[in-house]
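The values are calculated or read from the model by the stated rules, or taken from the named source; none is laboratory data. Just so you know, these numbers come straight off a predicted model, no measurement behind them. For neighbour counting, all protein chains shown are included, and Cβ atoms are generated from backbone atoms with ideal geometry for every residue, glycine included.
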Amino acid sequence: MKKIVLTGGGTAGHVTPNMALIEKLREMNYEISYIGSVDGIEKGLIEGMKVPYYGISSGKLRRYFSWKNFSDPFRVLKGYFQSKRLLKEINPDVVFSKGGFVAVPVVYAAKKRGIPAVIHESDMTPGLANKLCIKKAAKVCCNFEATLSYLPAGKAVHTGTPLRKELFTGSREKGLELNGFTNGMPVLLVIGGSTGAQRVNEAVRAVMPKLLETFQVIHICGKGKTDPEFDHITGLKQYEYVSDDLKDMFAAADIVISRAGANAVSELLALKKPNVLIPLSIGSRGDQVLNAEAFEKSGYSYLLREEELNEENLLNAVRTVDNNREKYISAMETATERDATEIITGMLDELASKNK
């Protein structure tokens, strides 16, 4: 039996593609293990899939001044030695990294032990963690074709992003029933990523009375970010986080307001959901802005920049998408979709066979 170690964490976007690969790798009869941070979001998600999980020390490498920049390198170094020990014990044939800083010591340890590693970049341009890993990787996969220009030609492969099959099995009827909604009004889904988006939450709540004149609203706010004042309003349901039922809520949604993380935009495109993208830009490296600009240019999304987020612009964005739903759907239907799960697992299997 071939063995694989997967790694990646920090946000759900660094984990859910791995979850899609796990489903396929199980079909291929792989023995699967996962290395992540000790208490990151990835721990609960992966353990929920009954995959052996190993936590290591991890630190963030920041582009800005922080006192933690002096201590975190030692945490990363500790994680590297922990990864070397774990890889020696598990003895995998191949390693796959979805990114995040916890993955850096794992990829470096794999290279040291002669284990081929495949890494995946979801955003338009490589993040710092993946930049550090590229030279240690056997192959570098990417979500966007335009990203190939930022990657070494001999290693880079345009694969798209793996998406879980269950995402496509949602039921509109069940999504409406879960929220106590009817078929009489369209549904607006607001989702700010696995940790929520406070600025988006505040903007949506400011115009909620006007939104409820036209829509039934599902608002996924993020952990600790629900507002009790909005708990018992007819036509509105708010949640901190949604897991198993998310597929049904997507199926029920006619329009989506979302951040522009790579995994989020890939899901919206695959599900053909007309959307307003509000990319995180303040305090970020700008990767979400690039993702959103690419989707706007392709006609898949309405881009509302965070700096321009106010009541008037948000209502205008939602109304524009609502009035042009068919146009957005038609544009998304022209997209050339790739079966990233098949491409990546095929690549991993080839490398594992060579390493046997």
> Among the residues of the stretch 174-190, is there at least one that is without any contact (Cβ under 8 Å) to a residue 40 or more places away in the chain and in the same structural domain as residue 129 (by TED's automatic domain parsing)?
Replying inline: no
> Filter the stretch 203-252 for residues that are assigned to a loop (DSSP other than H, G, I, E, B) and basic (Lys, Arg); which is farthest from the chain's Cα centre (by Cα)?
Replying inline: 225
> Can you pull out the residues in the stretch 62-94 that are among the polar types (S, T, N, Q) and modelled with pLDDT of 95 or more?
Replying inline: 82, 83, 91
> Just for helices (runs of 4 or more DSSP H) wholly inside the stretch 278-356: which have at least 1 residues that are farther than 18 Å from residue 190 by Cβ and in contact with a Phe, Trp or Tyr (Cβ under 9 Å, 6 or more places away or on another chain)?
Replying inline: 287-297, 325-333, 340-355
>> Which condition from (1) surrounded by fewer than 23 Cβ atoms within 10 Å (Cβ to Cβ); (2) within 22 Å of residue 141 (Cα to Cα); (3) in contact (Cβ under 8 Å) with a residue 24 or more places away in the chain; (4) more than 19 Å from the chain's Cα centre (by Cα) is the one that residue 322 breaks?
In response: (2)
>> Please list, ordered by residue number, the strands (runs of 3 or more DSSP E) wholly in the stretch 139-194 having 2 or more residues that are crowded, with 18+ Cβ neighbours inside 10 Å.
In response: 139-142, 187-191
> Condition test on residue 328, is it farther than 16 Å from residue 124 by Cβ and touching a strand residue (DSSP E or B) at 6+ places or on another chain (Cβ under 9 Å)?
Replying inline: yes
> Can you spot a residue in the stretch 173-192 that is of a type in the set (Lys, Arg) and over 30 Å from residue 237 (Cα atoms)?
Replying inline: no
> Among (1) in contact with a Leu (Cβ under 8 Å, 6 or more places away or on another chain); (2) under 24 Å from residue 278 (Cβ atoms); (3) free of Cβ contacts under 8 Å to residues at least 40 places away in the same chain, which single condition is residue 156 missing?
Replying inline: (2)
